[in-house]
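The values are calculated or read from the model by the stated rules, or taken from the named source; none is laboratory data. Computed from a prediction, not measured in an experiment: that's the story for all the values here. Here the Cβ positions follow ideal geometry from the backbone for every residue, glycine too, while neighbour counts run over all protein chains shown.
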Amino acid sequence: MSATRLAFHAVLLPALFAAAPAFAVPTLQAHRAVYDLSLDKASDRSGIAGITGRMVYEFNGSPCEGYTVKFRFVTQIVTNDNTRLTDQQTTTFEDAEGKTFSFVTKSFVDQNLEKEVKGTATKEAKGLKVDIDKPEKSSLELAATQFPTQHLVELIDKAEKGENFYETNLFDGSEDANKVMTTTVVVGKKTDADKTDPEASALAKLATDKYWPVDIAYFDDTDKSGEEVPEYRISFKLHENGLTRDLLMDYNDFSMTGKLVNLSLFDQPKTCPSK
């Protein structure tokens, strides 16, 4: 799995490619969320005995100026043989129209830089062009798709309309930034807040907000084996303002949880400034 996809997911239907969304853009709250990570379960084949860690997700921007995400995913993984520290740091920018998406991800293992992927994806008439700067310069053409904030906007729109199942696709620059993922999304019924929710104290004034339970399965669009098995799944609670929490990340051989422990809400413009 790519940690960047936890930074929450975006897509436009191919028929809407290179056009503004055909639905109202919700007000996405600029915020910084901190999650504690822990192992949920692991198979014998995974060799994993324990996982602890922390995830920090910072979302800024608006429909006027575009959206910036800063994301850090740090885990200590205990196996039968050793313990290693992984640290993935990602910064992305998605323009206001959802036509360009720049990304840089640095992956560290035991504080040593293992890989850096940097590039820009641009929507063109026939699909998506990806220009990679690191680890080495290259370009590739991919199928028409969406970027992460668009996917989130679409998801909230579907949830508001009561649509509980749909399929779409996504490019988020993760891993080697060389593929589009197909996603199937299941949205549950809007649910009232629970006073006993363990994340309530971190939510503060948002603790009484309703939310939707969401499950997203990610499939490799380049996999032609015919096996309809997702690379991984993510379940979470989604708020109207784009906040996601109570994460369950399932990578088939093992799964982990992410519990919200701290939330900071940032000021943002009420309207777009006139040009």
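Of (1) surrounded by 17 or more Cβ atoms within 10 Å (Cβ to Cβ); (2) over 15 Å from the mean Cα position of the chain (by Cα); (3) modelled with pLDDT under 95; (4) not hydroxyl-bearing (Ser, Thr, Tyr), HIS9 satisfies all except one. Which?
Among (1) surrounded by 17 or more Cβ atoms within 10 Å (Cβ to Cβ); (2) over 15 Å from the mean Cα position of the chain (by Cα); (3) modelled with pLDDT under 95; (4) not hydroxyl-bearing (Ser, Thr, Tyr), the lone unmet condition for HIS9 is (2).
Out of THR92, THR75, which single residue is β-branched (Val, Ile, Thr), more than 18 Å from GLN146 (Cα to Cα), modelled with pLDDT of 95 or more and buried (at least 18 other Cβ atoms within 10 Å of the Cβ)?
THR75
Please specify each residue of segment 69-106 satisfying the condition of being over 16 Å from the mean Cα position of the chain (by Cα) and closer than 27 Å to PHE266 by Cβ.
Listed by number, the residues that qualify are THR75, ASP87, ASP95, ALA96, GLU97, LYS99, THR100, LYS106.
Can you run down the residue pairs with Cβ atoms below 6 Å, 6 or more apart or on separate chains, where the first is in segment 87-110 and under 22 Å from ILE51 (Cα atoms) and the partner is of a type in the set (Asp, Glu) and surrounded by fewer than 22 Cβ atoms within 10 Å (Cβ to Cβ)?
Correct list of pairs: LYS106/GLU116; SER107/GLU114; PHE108/ASP87.
Residues to consider are THR145, THR149; find the one that is hydroxyl-bearing (Ser, Thr, Tyr), more than 20 Å from GLN88 (Cβ to Cβ), touching a Phe, Trp or Tyr at 6+ places or on another chain (Cβ under 6 Å) and touching a residue at least 24 places away in the same chain (Cβ under 8 Å).
THR145
Do you know which residues across segment 251-264 are closer than 20 Å to PRO148 by Cβ and either of a type in the set (Ser, Thr, Tyr) or at pLDDT below 95 (or both)?
The one that is closer than 20 Å to PRO148 by Cβ and either of a type in the set (Ser, Thr, Tyr) or at pLDDT below 95 (or both): TYR251.
When residues of segment 130-146 are filtered for being under 15 Å from LEU170 (Cα atoms) and either of a type in the set (S, T, N, Q) or surrounded by 15 or more Cβ atoms within 10 Å (Cβ to Cβ) (or both), how many remain?
Matching residues across segment 130-146 total 6.
If I filter segment 41-55 for residues that are surrounded by fewer than 20 Cβ atoms within 10 Å (Cβ to Cβ), modelled with pLDDT under 95 and touching a Gly at 6+ places or on another chain (Cβ under 7 Å), do I get at least one hit?
No - not one qualifying residue is present in segment 41-55.
Show the residue pairs that are 6+ apart or on different chains and have beta-carbon atoms under 6 Å apart, the first residue being within segment 120-134 and closer than 16 Å to SER102 by Cβ and without any contact (Cβ under 8 Å) to a residue 60 or more places away in the chain, the second being in a strand (DSSP E or B) and among the polar types (S, T, N, Q).
Pairs found: THR120/SER102; THR122/THR100; LYS129/THR122; ASP131/THR120; ASP131/SER139; ILE132/SER138.
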